[in-house]
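The values are calculated or read from the model by the stated rules, or taken from the named source; none is laboratory data. None of the values given here were measured: they were computed from a predicted structure. Here the Cβ positions follow ideal geometry from the backbone for every residue, glycine too, while neighbour counts run over all protein chains shown. We work out accessible area using only protein heavy atoms, side chains counted, and drop any ligands, DNA or RNA first. Shrake-Rupley method; radii C 1.70, N 1.55, O 1.52, S 1.80 Å.
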Protein chains: 2
Amino acid sequence: MIETQNSDLPLRGDWLFPTDIRFGAGRVAEIGAICRKHGMARPLLVTDRGLAQLPIAQRVMDEMTEAGIHPTLFAEVQENPTDKNVVAGAEAYHAASADGVVALGGGSGLDCGKAVAALAGLGGSLSDLMWPNHEKTATRKGVPPIITIPTTAGTGAEVEIASVITDTTQRRKVGIWHPQMLSRTVIADPEMTLSLPRHLTAATAMDALIHNLEALCVPMYHPMADAMAIDGVARIGRWLPTVLDDPANIQGRANLLAASIAGATAFGKGLGAMHALSHAIGARIGGHHGLTNAILMPHVLDLNERAIRPALRAVASHLGLAGEPVASCRAWLANLAIRAEIPKSLQVIGVTPNHIPDLAEVALRDICATTNPVPLDLESLSTVLRAAID
Amino acid sequence: MIETQNSDLPLRGDWLFPTDIRFGAGRVAEIGAICRKHGMARPLLVTDRGLAQLPIAQRVMDEMTEAGIHPTLFAEVQENPTDKNVVAGAEAYHAASADGVVALGGGSGLDCGKAVAALAGLGGSLSDLMWPNHEKTATRKGVPPIITIPTTAGTGAEVEIASVITDTTQRRKVGIWHPQMLSRTVIADPEMTLSLPRHLTAATAMDALIHNLEALCVPMYHPMADAMAIDGVARIGRWLPTVLDDPANIQGRANLLAASIAGATAFGKGLGAMHALSHAIGARIGGHHGLTNAILMPHVLDLNERAIRPALRAVASHLGLAGEPVASCRAWLANLAIRAEIPKSLQVIGVTPNHIPDLAEVALRDICATTNPVPLDLESLSTVLRAAID
């Protein structure tokens with residue numbers, strides 16, 4: 001058996017796995033029955049503006065309507081969704097007298113939809129639900145049922161209990177959390193991911209890969225999460241090139257979607273510096289979250305390497321790589337990033353050396369900084385950023 | 001990447017993972033705080049008579065009392081617990097004006113405790129909760145909070161939503177199921193398994209191994225479950241011999257406990273003929289469930305082999321076994337059973353050739369028969385039983 005953690009780590013952890021997932025091509029057809037199961041007759045369909053124009057959003061609306069469900073569309077969700085989007089969504093929820101939320105999208109639509117349900121159901125201010133205030137509101141009841149439908153194989157927000165929302169006052173990404181924010185049912189239908197453009201297929205798949213990789217590297221004993229994370233990394237490596245060559249390959253799309261769900265399930269363990277920095281960059285500058293993560297990956301691996309050698313060895317063993325396992329694993333990851341056409345520098349996102357002090361400070365206060373395999377400080381985060389801009 | 005399923009299988013499945021798990025040595029000390037978290041001031045502690053005499057039951061009682069919690073002990077649970085045990089437990093629950101259940105034990109105490117909570121909270125007849133009647137009662141509310149504390153590393157009942165109870169009228173094991181029967185918090189403390197005698201350590205570990213193995217072999221696309229199941233099989237193979245040699249080895253006990261939880265998490269996919277037959281034998285004749293499973297294992301593998309070659313190859317690859325992978329995996333499993341001193345014949349359980357027609361019929365109607373990798377009939381089940389008695 002391959003150990004994935006340092007042997008001096010205590011054998012303890014707090015474990016949580018997610019929810020009812022309906023996985024498979026064509027299963028979006030079950031949406032009407034699932035709405036009824038959760039007592040939803042008038043759901044608010046939350047998605048982003050771009051997606052609202054595409055046939056897949058129309059298909060979800062049509063499936064619901066044909067099943068006698070009366071959805072209302074709310075599509076005012078931007079990339080890196082904001083507190084304002086959530087407040088507008090909660091208003092739309094009440095205006096429509098809705099009785100549940102169907103969240104459709106990549107991370108933006110899903111995270112916004114879950115937060116809309118929480119705010120609409122609990123009332124009060126969104127800031128009450130923000131980490132670390134969320135503990136005080138955890139016992140409040142009344143979040144309506146949520147159904148999630150991912151349209152990318154990346155975020156895993158469909159199975160994650162929290163949402164990441166940009167607080168426009170603080171210009172930071174913050175976690176919104178409530179125990180009832182977990183999707184009651186996930187419809188994981190790879191057909192919903194078929195129309196994703198090439199560059200987003202690549203960036204979201206790298207995001208999913210990094211969820212698995214950072215979760216695996218979190219120093220907590222959690223054999224179930226680690227096993228699925230190793231499988232998730234390998235599964236993306238196996239199928240991403242196939243899907244890039246043949247975007248309609250449903251087997252490949254399904255395997256990427258499964259691996260993205262594994263990533264978000266595994267990262268109940270936590271994440272690390274890639275995500276801490278990527279959240280900071282998303283809030284201060286913008287850019288695609290998955291792409292930002294992927295550019296940061298090799299530099300954070302440099303930072304963490306002494307602590308994550310068992311994890312990388314486990315991946316190398318699972319992949320059957322020849323040669324020294326840690327180097328082989330890193331070379332394999334680097335090759336996959338090249339195959340996904342990930343740029344080398346954060347300059348494509350608009351990050352410049354002038355941003356470094358601010359970004360390092362914001363990242364250091366991010367929740368993902370707390371579970372990085374090695375302790376972080378302004379110095380080490382700045383070093384990573386400098387290397388990733390060069 | 002290693003495929004664990006036949007490539008012609010549709011890429012679809014219904015996925016469910018479990019609950020809040022507090023894993024680690026000494027964590028039973030958190031019981032008081034966890035009771036309070038779930039609003040339990042007067043829990044019913046459900047366990048079996050043998051365990052009630054041991055220091056671990058006393059420790060749980062003491063930890064609760066010191067934390068200001070007022071538990072009442074109910075210890076009238078037999079091996080292969082019956083409907084009568086559950087009814088008596090529900091009466092004890094009401095007599096004590098209890099407000100939740102702490103289920104402590106191996107499979108018997110845990111399954112009985114969960115069923116007691118359901119019957120006490122929902123009222124009516126236990127048969128209303130029995131598969132397949134359970135669908136009608138699924139929308140009823142009122143099951144009090146359940147905390148589970150495993151004392152064996154085998155059953156995984158601590159994370160399973162259903163209970164298996166012997167219906168004394170039908171002389172069959174039946175599933176008791178309600179959506180609120182999932183433990184709110186599992187305390188998975190390997191210290192609670194240290195006093196388990198050698199033969200039970202072996203039999204329960206083989207039960208956990210078989211949960212992982214049968215779940216892996218269920219023909220459903222579920223990469224997360226399969227990854228943790230492969231890890232679970234390997235982890236038990238790595239650590240069971242260590243624990244048999246050194247029963248106080250806490251690292252080994254922890255790894256067996258983690259693998260047993262993985263097994264029960266993975267078997268959300270389903271189980272197979274080992275469990276269908278073992279349930280029949282437990283209800284009609286008795287005997288230890290894990291031991292019965294382990295005796296049946298090689299013969300059910302014979303029956304299923306043509307359908308489970310990818311699964312066995314994946315295990316062999318993960319283990320790094322040399323030689324033809326399916327044969328190597330089977331030899332590895334057989335060696336582990338020898339190491340665990342599993343007898344060759346069901347005669348030790350009291351099964352004779354005369355029992356075969358009745359046992360095959362009961363097994364064929366068991367829910368686990370529906371997910372066996374190859375379709376079952378009276379003939380094939382009888383063949384397995386004959387081979388396992390010889």
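Summary table below
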| item | result |
| --- | --- |
| C-alpha long axis of helix B:273-284 to longest principal axis of chain B, angle in ° | 50 degrees |
| Peptide A:216-227, shielding by other chains (average Cβ, 10 Å cutoff) | 5 |
| Average silhouette area of chain B, convex hull of alpha-carbon atoms, in square nanometres | 17.7 nm² |
| Lys/Arg +1, Asp/Glu -1 at C-beta; region B:117-236 dipole; positive extreme among B:Thr185, B:Ser125, B:His211 | B:Ser125 |
| Region A:250-298: C-alpha pair distances exceeding 13 Å, % | 65 percent |
| Average projection area in nm² (convex hull over Cα atoms of region A:12-192, one quarter of hull surface) | 10.2 nm² |
| Most mobile of B:Gly50, B:Gly323, B:Gly268 in a GNM of chain B (Cα contacts under 10 Å) | B:Gly323 |
| Inter-copy spacing of A:Asp246 label points, which lie 7 Å from Cα along Cα→Cβ, given in nm from shortest upward | 5.1 |
| Inter-part distance where region B:351-390 and region A:194-228 are each reduced to a Cα centre, Å | 42 Å |
| Over 54 Å [Cα-Cα, the protein assembly as shown], rounded percent | 8 percent |
| Per-copy distances of the B:Ser345 label point, shortest first, in nm (7 angstrom along Cα→Cβ) | 7.9 |
| Helix axis angle, A:83-95 relative to chain A longest principal axis, alpha carbon, degrees | 20 degrees |
| Vicinal HN-Hα couplings computed from phi for region A:139-145 (Karplus, 6.51 cos²θ - 1.76 cosθ + 1.60; Hz; Gly/Pro x) | 8, 5, 10, x, 5, x, x |
| Approximate spin-label separation B:Arg36-A:Ala331, in nm, with each point projected 7 Å along Cα-to-Cβ | 5.6 nm |
| Listed pairs A:Lys84/B:Lys269; B:Lys84/B:Lys141; A:Lys114/B:Lys269 exceeding 31 Å between Cα atoms | A:Lys84/B:Lys269 |
| Charge dipole magnitude, Cβ of K and R +1, D and E -1 - the protein assembly as shown, Cα centre, debye nearest 20 | 320 debye |
| CD proxy at 222 nm, helix term only [per DSSP H run n ≥ 4: -39500 (n - 2.57); per residue of the protein assembly as shown; nearest 500] | -16000 deg cm²/dmol |
| Binned Cα-Cα distance frequencies in region A:164-218 - 10 Å width, integer % | 17, 27, 47, 9 |
| Solvent-accessible area of A:Thr370 with every protein chain in place, 1.4 Å probe, in Å² to the nearest 10 | 100 Å² |
| Most mobile listed residue (B:Asp99, B:Asp207, B:Asp62) in chain B, GNM with C-alpha springs under 10 Å | B:Asp62 |
| Inter-centroid distance (Cα atoms) of region B:74-141 relative to region A:41-94, Å | 42 Å |
| Cα centre as origin, Lys/Arg/Asp/Glu Cβ charges: region A:198-389 dipole, Debye | 260 debye |
| Chain A, dipole about Cα centre (Lys/Arg Cβ +1, Asp/Glu Cβ -1), debye to the nearest 20 | 260 debye |
| Principal-axis tilt of helix B:378-389 within chain B, Cα atoms, nearest 10 degrees | 90 degrees |
| Cα-based shape type of region A:102-176, given that a ≥ b ≥ c are square roots of the gyration tensor eigenvalues and the cut on a/c is 1.5 | oblate |
| Chains A and B together, accessible area buried on both sides, 1.4 angstrom probe, square angstrom | 3300 Å² |
| Accessible surface, chain B, averaged per residue in Å² (probe 1.4 Å) | 35 Å² |
| Position A:Pro357, label points 7 Å along Cα→Cβ, spacing to each other copy in nm (shortest first, one decimal) | 9.0 |
| Apportionment of accessible area to carbon and sulfur, region B:12-192, percent (1.4 Å) | 51 percent |
| Stokes-Einstein translational diffusion, region B:198-389 - Kirkwood Rh over all Cα pairs, 1.002 mPa s, 20 °C, in µm²/s | 131 µm²/s |
| Farthest positive-ward along chain B dipole, Cα basis, beta-carbon charges - from B:Phe74, B:Gly107, B:Pro353 | B:Phe74 |
| Length-normalised contact order for chain A - Cα pairs under 8 Å, 6+ apart - percent | 17 percent |
| Straight-distance crosslink candidates among aspartates and glutamates, where the alpha carbon sits under 17 Å from A:Lys344 and sequence neighbours closer than 8 are dropped | A:Asp207, A:Asp302, A:Asp390 |
